[in-house]
Amino acid sequence: MVKLTTKQSVSSELRRTILKRIGAAVGVSAASIVTNTSIGAAAAFYEKGATINNSSTAFSRDALLTLRSICETVIPRTDTPSAADVNCHEFIAHQLSTCHSLSEVRNVQQLITQIDQVSRATAGQPYIALNSEQQTEMLEALEDHKGFDQTTAHHFSFLKGLIIFGYFTSEAGATKALNYQMVPGGYKGSIPVTPETKAWGSLDYY
Amino acid sequence: MSELFNKNTREEFDVLVVGSGITGGWAAKEFTERGFKTLMVERGRKVEHRKDYPTEGKGPWLFSERTKVSNVLREEEYPVQSTCYAFNDATKHFFGSDKDYPYSNEEGTKFNWIRGNQLGGKSLTWHRQSYRMSDFDLNANKADGHGNDWPIRYADLAPWYSYVEKHVGISGNKDGLVQLPDSDSLPPFEMNSVEKHVADKFAHHYPDRPMIMGRCAHLSQATPEHMSHGRISCQARNECQKGCSFGAYFSTQSSTLPFAMATGKLTIATDSVVHSLIYDEVTNRVKGVRVIDSEDLTEREYFASVVFLCASTIGTTQIMLNSVSKRFPNGIANSSGVLGHYLMDHNYNASAGGLVEGFDDEYYSGRRPTGIYIPNFQYEPSRYKKHYVRGYAMGGSASRGNWKSGQYRKGIGADFKDSLTKPGDWYFGMYAQGEMLPRFENQVALHPTKKDKWGIPQLHFNITWSDNERLMMEDCAQECEAMLKTVGAQNIQSNVSIYDGVPGQAIHELGTARMGRDKKNSVLNGFNQTHDIPNLFVTDGASYCSTATVNPSLTFMALTVRAVDYCVKEMVQRRI
């Protein structure tokens, strides 16, 4: 079961919200399998100081849930899916373990903890329990170094890059939020831009 | 008709072609079409057109790391290959494993050796930019005294350029420039509106630096003949390095191999690592090659009347250095002692860019497989800058920003998301394509003790940039900035990367078995034939005397078909 650290005072309505969010995060158990099992197993064959080589550095379920909420806040659901909808949080956990340095993983882990701590300290609730306006305000404050220092803001920029990358390289991100040309059929040097024009989701290099 | 893929063949061939990339494919096509029984020897695995392009057309979401390469692969398997711009999770199967092909560098130096060890070689992953060399290029060594004089001039190459261009399909405009002879070309790709705007500004402020559309080996408009080859027009995916089932860009698989195969005169031995050439001192002829099976390490030999080395600049030189005999103790056909010396690469170590205002209501469609090009404008000594010799071309393009800038912009939530889905600011970027001077000290040699898993001596590199290359890049960055200012570009930024960038990164390794008129200081004559041994030819980049600024592959093709033509005539005359 998913263990959530919530305050006794959380209202029943809020509990429902939280449960709904967990319910939406059906990927959590799958994610923990990914992060704790397959990556751990792959890493067991590979030992080098610069990279993750054991499952102890994988994200806890709580951290993953918070990360999921952060993904949703940065790229929310509109007429197209959100970053959380496309399981960006799971992708980020995977990508960090496979393609990034240990220090980058730790920075993101610390960042998530810090966001949650500031949330508890200022709003009396974990980040996941804040309403979406509060969550947005908090991340905006983070980008403005309000209540967070510059290093944290720098780490957030890194995480934001991963969220954006994860989202726009997901199938829905690349093909629904953007315009994906699998086979453009040729090159046209000039086409008009209308209010409906979406940027190309199909890039030369990702 | 003998079996096409047969590495256990015991036949005696007319011609043995080592390598299957751009030059190997052309040599095989030309010899087989003229009726010569030809064996193509390839160290890597078989790659069949269309069938063996497993990642073609796949979106990034179909890769678990979204086309990025995992630390394990990057650090353990591909530490060098992963420095290549085209290397990613979707293309890695067309790059050689650094684990399998180790080499060393002289202390304090570094060469990045990018490899494509499979049937088709780097013709599958090349950047496809295609330009003719001019007489200014071929005369440069003679004109300023750096390097030896090329034994050929433009008139020697021109008909052969035309010959290969018609078959390959080179897209480009007829620009009528003395420094960049026109190709027999298909229509050029279009410039977008910002590029047209920039070209107009440059034409006004820098009349000696025309900005043209980059010429590339793509069927911008396939002719009926190309379609009869099984190739169609470029669909502007620009995912070429995954392989192209449309056959829209030139590769061995799409363009030369089908013709060689159709003759019934071709046999291909894949998984065959050439150890050395078999040389007969009595007749002073090469007889064939010794090969080690890349998979089971067994040894075998192939025999032929003529050997064409088309194994890539470094690959060819490694084979020659490892072919020792009483007459040639320091490598076959190396009586001059220059084999392995004068290693060069292009110098792509300056760039600049800036935002271009306006044009908000315009976008483009498709991913153009080429960019804009400003040919070298310092193409003769009277046009050189005072503080260094030679010059650089410039590549570049204009494009609109995308979500990749999102990390560096503030914003959270729906509006931010929306902004990332819109075409961003117009950006015009340009980069240097500079010459590297031929210098004796820049060398690749066999390592005295280390061997690879096939028991072949590893290579040891000793190559550095000189002040000329550094000064050239500093100058290019300044020139780019000045040019961008005339366009009114904003937030102009330039970068000189030569202090960190090592040779090899342009993947235009050239020289090491250079041509020349004098057999005392060159390995090959003007027909890519070794001075020392009449039936041994080298037609890949090893034969270069200077880098010029243009991308070399089109010239490799012209040199190869010209060498085949000469060789055939010599065979008919029984001089070979």
Exposure-ranked with fewest Cβ neighbours within 10 Å first, B:Tyr302, B:Tyr408, A:Tyr206 stand as B:Tyr408, A:Tyr206, B:Tyr302
Looking only at lysines whose Cα falls under 18 Å of A:Lys146's and that sit 8 or more positions away or on another chain, we get A:Lys160, B:Lys410
Assertion target for B:His49, B:His460, ordered by fewest C-beta neighbours within 10 angstrom first, is B:His460, B:His49
Over all viewing directions the Cα convex hull of the protein assembly as shown casts an average projected area in nm² of 34.4 nm²
One point scatterer per Cα, no solvent, Debye formula: log10 I(q)/I(0) for the stretch B:1-81 at q = 0.22 Å⁻¹ comes out as -1.08
Chymotrypsin sites (Phe, Trp or Tyr not before Pro) in the stretch B:455-502 lying in a DSSP loop, each with at most 15 other Cβ atoms within 10 Å of its Cβ, come to B:Tyr499
Flagged as over-length at 23 Å C-alpha distance, from B:Lys450/B:Lys519; A:Lys176/B:Lys51; B:Lys99/B:Lys451; B:Lys46/B:Lys166; B:Lys451/B:Lys519, the pairs are B:Lys450/B:Lys519; A:Lys176/B:Lys51; B:Lys46/B:Lys166; B:Lys451/B:Lys519
The exposure ranking of B:Glu509, B:Glu3, B:Glu474, fewest beta-carbon neighbours within 10 Å first, is B:Glu3, B:Glu474, B:Glu509
Looking only at aspartates and glutamates whose Cα falls under 20 Å of B:Lys453's and that sit 8 or more positions away or on another chain, we get B:Glu42, B:Glu75, B:Glu76, B:Glu77, B:Asp98, B:Asp100, B:Asp271, B:Asp293, B:Glu295, B:Asp296, B:Glu299, B:Glu301
Residues meeting the amide H criterion for B:Thr539 (H placed from the backbone, H to H distance under 5 Å, 5 or more places apart or on another chain) are B:Leu309
Between the alpha carbon centres of the stretch B:421-497 and the stretch B:162-233 the gap in Å comes to 24 Å
Excluding residues fewer than 8 positions from B:Lys68 in its own chain, the lysines with Cα under 16 Å of it are B:Lys58, B:Lys92, B:Lys242, B:Lys404
Within the stretch B:325-402, DSSP-loop trypsin sites (Lys or Arg not before Pro) with at most 14 other C-beta atoms within 10 Å are B:Lys326, B:Arg327, B:Lys385, B:Lys386
For chain B the mean separation of alpha carbon contacts under 8 Å (6+ apart) over residue count, i.e. relative contact order in percent, is 22 percent
With T = 4 °C, eta = 1.567 mPa s and Kirkwood Rh from C-alpha pairs, the Stokes-Einstein D of chain B in µm²/s is about 53 µm²/s
In deg cm²/dmol, rounded to the nearest 500, the helical mean residue ellipticity at 222 nm of the protein assembly as shown, built from -39500 (n - 2.57) for every DSSP H run of length 4 or more, is -9000 deg cm²/dmol
Inter-part gap, Cα centre of the stretch B:69-102 to Cα centre of the stretch B:283-313, in whole angstrom, is 28 Å
Output field shielding_mean for B:231-243 (other chain Cβ, 10 Å radius) holds 3
Using alpha carbon centers only, the stretch A:143-206 is separated from the stretch B:503-574 by a whole-angstrom value of 46 Å
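Where a number appears in this text, it was derived from the coordinates with a stated rule and is not lab data. From a predicted model like this one, the values you see are computed outputs, not experimental measurements. Virtual Cβ from ideal backbone geometry, glycine too; neighbours counted across all protein chains shown.
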